[in-house]
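The structure appears below as structure tokens.
The values are calculated or read from the model by the stated rules, or taken from the named source; none is laboratory data. Model, not experiment: these values are computed from the prediction. Note: ideal-geometry Cβ built from the backbone for every residue, glycine included; neighbour counts use all protein chains shown. Heads up: the accessible areas ignore ligands, DNA and RNA and are worked out on the full protein's heavy atoms, side chains in. Shrake-Rupley method; radii C 1.70, N 1.55, O 1.52, S 1.80 Å.
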Amino acid sequence: MRESATIRIALRPVALALAVGLALPTLAAPSVPVESVSGPARVIDGDTLDISGTRVRLEGIDAPEAAQTCAGGWLGRWSCGTKATNALDRLVKGVDVRCDGVGRDKYGRLLGICHAGAVEINAALVRDGHAWAFVKYSARYVEVEKEARAAKRGIWSAETEPAWVYREKKWQVAEQAAPEGCAIKGNVSKTGRIYHMPWSPWYTKVKVDAGKGERWFCSETEAAAAGFRPVVTH
């Protein structure tokens, strides 16, 4: 017993050193070089832009998907996804947009804090109730979201599920019917090679025809590697 206790005491500094060592790469990780892109912006969906061929995902927010509806309104449901996309379009229309990147996501998109003149687009969408603070990745817009929620703006007019829950549910349903659970549909049309996620407005209408070079994908990374691009919902 005494020998075991001695061993445990001796191992404690080692365990502590290992724990600190494992933590250090995260704490001391070099900052991501800032990338910036500016110019006229094309809206892809409620939280994604294209500027001069650079796909920009608005950092720290998550807007409703294009086909998503939210609770509230006179008829009980309203097209919050369409509203979010239209709100973003109004913010960027006719002006040059500047996006300062904080890194890139796993799909290669620039994660950006974007401005249209003096207006910070990310914050404006959250403040007006057109997007959630994406707390899984950033706490930057938590206070802005509190303001929108208190005022019952947009998505906060009634209790509704956030976009990430909506996407998860759509994926779970689609993967049950997809070959090997690979639920992304790669479509070939006159507009090019496009892939549709299960929450795409046109997902149920798209049929995968292997004879035309169409196929199923398990991930967006796989689809992009095969030369397919995401559908533009706007």
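Here are some notes:
- Filter result for residue 192 (over 20 Å from the mean Cα position of the chain (by Cα), under 27 Å from residue 51 (Cβ atoms), open to solvent by less than 30 Å² (accessible area, probe 1.4 Å) and in contact (Cβ under 8 Å) with a residue 24 or more places away in the chain): yes
- Residue check, residue 78 at pLDDT below 95, among the hydrophobic types (A, V, I, L, M, F, W, C) and over 14 Å from residue 153 (Cα atoms): no
- Failed item, numbered, when residue 82 is tested on (1) touching a residue at least 60 places away in the same chain (Cβ under 8 Å); (2) assigned to a helix (DSSP H, G or I); (3) of a type in the set (S, T, N, Q): (1)
- Number of the condition not met by residue 98 [criteria: (1) out of contact with any Pro (no Cβ under 9 Å at 6 or more places or on another chain); (2) open to solvent by 80 Å² or more (accessible area, probe 1.4 Å); (3) in a loop (DSSP other than H, G, I, E, B)]: (3)
- Selection status of residue 214, within 25 Å of residue 42 (Cβ to Cβ) and open to solvent by less than 40 Å² (accessible area, probe 1.4 Å): no
- Number of the exception - residue 233 against (1) closer than 17 Å to residue 48 by Cβ; (2) open to solvent by less than 30 Å² (accessible area, probe 1.4 Å): (2)
- Among the residues of segment 34-68, those identified as at pLDDT below 95, part of a loop (DSSP other than H, G, I, E, B) and buried (at least 17 other Cβ atoms within 10 Å of the Cβ) are 66, 67.
- Unmet requirement for residue 86, which otherwise passes all of (1) farther than 17 Å from residue 160 by Cα; (2) buried (at least 18 other Cβ atoms within 10 Å of the Cβ); (3) of a type outside the set (Phe, Trp, Tyr): (2)
- Qualifying residues in segment 169-204 (those that are among the small types (Gly, Ala, Ser) and part of a strand (DSSP E or B)) - the one farthest from residue 224 (Cα to Cα): 189
- Some residue of segment 150-163 being at pLDDT 95 or above and over 22 Å from residue 90 (Cβ atoms): yes
- Summed over segment 148-165, residues that are in contact (Cβ under 8 Å) with a residue 40 or more places away in the chain and open to solvent by 90 Å² or more (accessible area, probe 1.4 Å) total 1.
- Among the candidates 168, 120, 145, residue that is free of Cβ contacts under 8 Å to residues at least 24 places away in the same chain, within 26 Å of residue 87 (Cα to Cα) and either aromatic (Phe, Trp, Tyr) or open to solvent by less than 30 Å² (accessible area, probe 1.4 Å) (or both): 145
- Residues in segment 141-168 that are under 15 Å from the mean Cα position of the chain (by Cα) and either over 26 Å from residue 183 (Cβ atoms) or not acidic (Asp, Glu) (or both): 141, 162, 163, 164, 165, 166, 167.
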